[in-house]
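Every read-out reported here was derived from the displayed coordinates using simple, explicitly stated rules and does not represent laboratory data. It should be emphasised that the depicted structure is a prediction, and the values quoted were computed from it without experimental measurement. With ideal geometry, Cβ positions are generated from the backbone for all residues, glycine too; neighbour counts draw on all protein chains shown.
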Amino acid sequence: MSIVAKIKFTDYVSSVAKALDTIGAAGRLPDDKLIIIKPNLTLADAPPVTTNLGAARAVLEYCRAHTSAELAIGEGCGSGTTDEVFQATGYADLAGEYDVRLIDFNTAESVKLSNPNALQLKEFHLPVVVQDAFVISLPVLKDHCFTVTTIALKNMFGLAPGRYYQGCWNKSQLHSPSTHKSVFDVCLYKAPDLSVVDATVALTGMHLSGTPKNLGLILASFDPVAVDAVGSELLGHDPAAIEYLQLADGSLGSMDDIQLIEA
């Protein structure tokens, strides 16, 4: 059974803490490995295109309260440079305030891995820093023009070093021939260990220029497939009809037997 918390939003600090407490996160955060918070900062636009700074602050504060592990914020942006995006979105200031390091996955040292179970990325360049890290996927709940929705799993595209996957934009090679299969493959190499979804204001229609929709929710789960299924339903889609979730179901998590805890 996969537990997904669905918490009514009051403010980021209390609502994120409530969501994480609901799934028992305090007792499952590691003390002995790097924890990387991975927001969706594909470019420098304001929320809800990108993850609200308040959500990241809330996750940082929760981790600080429940673990002694080193914390970091990591992203590999899809457009421009990650350093510029960190600066423009306020994440550079946030990292300074909490004395955590910023990691640019586009330029970080990487290792080439292989996986025969991958569907199209039989080899993948993974940043070394994430190999043994505990990664918290912190996306916005959004529709996506290639994958129907982009939530916890699709957010892991940011791990791919842009220098290996760029074309028209930093990650464009991951979108061909199948973005759905690339989502599955990237997460075979590194799936989220924990997911917190900012569904306070979702983005419908398109992931970069869609229509904001007030949902007033925070989702959390240790199962990224389950949380993506719940999030997809909130956006009006049938998870069973979304290819990347079909592919991930049973291997990266499960859409079956989800225990949705609402508060």
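Highest GNM mean-square fluctuation among ALA65, ALA88, ALA191, for the chain modelled with Cα contacts below 10 Å: ALA65.
Pairs of lysine residues in the chain that meet both criteria, 8 or more places apart or on different chains and Cα atoms under 19 Å apart, total 29. For LYS6, neighbours were defined as the other residues whose beta-carbon sits under 14 Å from its Cβ, and their charges (Lys and Arg +1, Asp and Glu -1) total -4. For the stretch 56-184, taking the reciprocal of the average inverse distance between every pair of different Cα atoms yields a Kirkwood hydrodynamic radius of 15.7 Å. With each label modelled as a point 7 angstrom along the Cα→C-beta vector, the SER254-GLU109 pair spans 3.9 nm. Once divided by 2.2 N^0.38 Å, the Cα radius of gyration of the chain becomes 0.90.
What fraction, in whole percent, of alpha-carbon pairs in the stretch 154-258 exceed 22 Å separation? That fraction is 34 percent.
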